[in-house]
Amino acid sequence: MKKSSAMVLKAFLSQCEPEKKRALERFLPETERTLLEQLPVFSKPIVPEAFTHHKAVERVHWSWFLPTLKTYTEEEQKLFLSSLPSSNAKNLAKALETQLSSSEITPVAKSYLRQILLHSLIGAQNRLLPVDYLPPTPLKPLLELSKKELTRVIDFLSLYDLSAELRQIVETKILKKIYSFLSEEEKKFLKTISSSKDPFVLGRIGIDRWDGSEESLRHLIHRRGLVRLSTALSGQHPDFIWYICHQLDIGRGTILFKLSHGPTSQGASDAITRQIMELIQEPQK
């Protein structure tokens with residue numbers, strides 16, 4: 001049984017009379033009964049309406065829907081776009097080189113089309129916990145960030161690795177070129193973190209493979225930011241990881257999803273979680 005489904009089942013069973021609860025639990029295999037005992041309880045009562053797919057679809061970056069929509073005809077694509085928020089629909093229409101439909105669709109049709117899109121991402125038999133029912137985590141503020149804000153967090157996490165790399169570079173010309181590509185805010189942040197020891201070190205970025213362009217530098221260090229974020233996410237509830245990955249575009253999100261399921265230490269995860277919280281709490285300029 002999927003962990004999310006087990007948590008919902010536990011919530012419903014907890015609302016039964018003790019005798020009925022025990023009777024129902026006898027139908028479960030012993031392994032699943034043990035799982036239910038170990039799971040935390042929701043901090044709020046179950047509201048069936050909260051478990052619909054509408055809000056989950058709205059949290060997904062539009063680029064994740066492109067592969068599915070490309071399998072449909074142009075007229076069908078327009079119907080799908082009519083079921084989505086305006087900003088997502090406009091971006092998808094541009095990417096698909098089609099026009100938005102001027103006709104309205106019924107609420108039932110909108111619900112059905114959104115369900116197809118969500119199932120294309122999680123599978124028809126799987127369900128996601130609503131954001132409000134996810135287990136508590138200090139990283140929960142990440143769920144409130146836009147794609148742009150989350151990308152900023154990734155970029156600034158990568159500066160911890162860049163700071164370590166800069167200490168190894170002796171050529172003034174290379175240092176000056178790197179700094180020329182950084183914003184004033186990034187330079188200020190580098191100065192702040194350079195005086196403290198980073199508890200999580202990945203090793204060299206690979207400046208020796210850098211071709212000298214800003215695009216190449218950004219690519220090198222951005223990947224390190226994704227690795228740091230994935231280390232913090234490792235060990236979080238699978239649905240929480242899913243939501244964070246799908247806030248990003250499909251390229252970054254797919255990389256983050258794969259990295260988040262790799263091995264890591266609790267100490268590294270805790271250390272990077274603290275770095276993320278400091279970044280979120282800082283006022284953006």
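Just so it is clear, none of the values below were taken in a lab; they were calculated from the coordinates. Note that the coordinates shown come from a computational prediction; the quantities given were computed from them, not determined experimentally. Glycine gets a Cβ as well: all are built from the backbone with ideal geometry, and neighbour counts include every protein chain shown.
Remark: pairs (first residue in the stretch 155-177, under 18 Å from Glu215 (Cα atoms); second residue exposed (fewer than 14 other Cβ atoms within 10 Å of the Cβ); Cβ separation under 6 Å; 6+ apart in sequence or on different chains) = Leu175/Ile169. Within the stretch 222-274, the set of residues being outside any helix (DSSP H, G or I) and among the acidic types (Asp, Glu) comprises Asp249 only.
Determine whether Leu79 is assigned to a helix (DSSP H, G or I) and not small (Gly, Ala, Ser). So Leu79 fits the description; yes. When you scan the stretch 213-221, do you find a residue that is in contact (Cβ under 8 Å) with a residue 60 or more places away in the chain and either farther than 27 Å from Val170 by Cα or not in a helix (DSSP H, G or I) (or both), even just one? No: the stretch 213-221 contains no residue that is in contact (Cβ under 8 Å) with a residue 60 or more places away in the chain and either farther than 27 Å from Val170 by Cα or not in a helix (DSSP H, G or I) (or both).
Restricting Ile178, Ile193, Ile154 to residues that are crowded, with 17+ Cβ neighbours inside 10 Å and under 21 Å from Val60 (Cα atoms) narrows the list to Ile154. Picking from residues in the stretch 196-233 that are over 18 Å from Pro141 (Cβ atoms) and among the polar types (S, T, N, Q), the one that is surrounded by the fewest Cβ atoms within 10 Å (Cβ to Cβ) is Ser196. The single condition among (1) more than 26 Å from Ile250 (Cβ to Cβ); (2) of a type in the set (D, E, K, R); (3) assigned to a helix (DSSP H, G or I) that Arg204 does not satisfy is (3).
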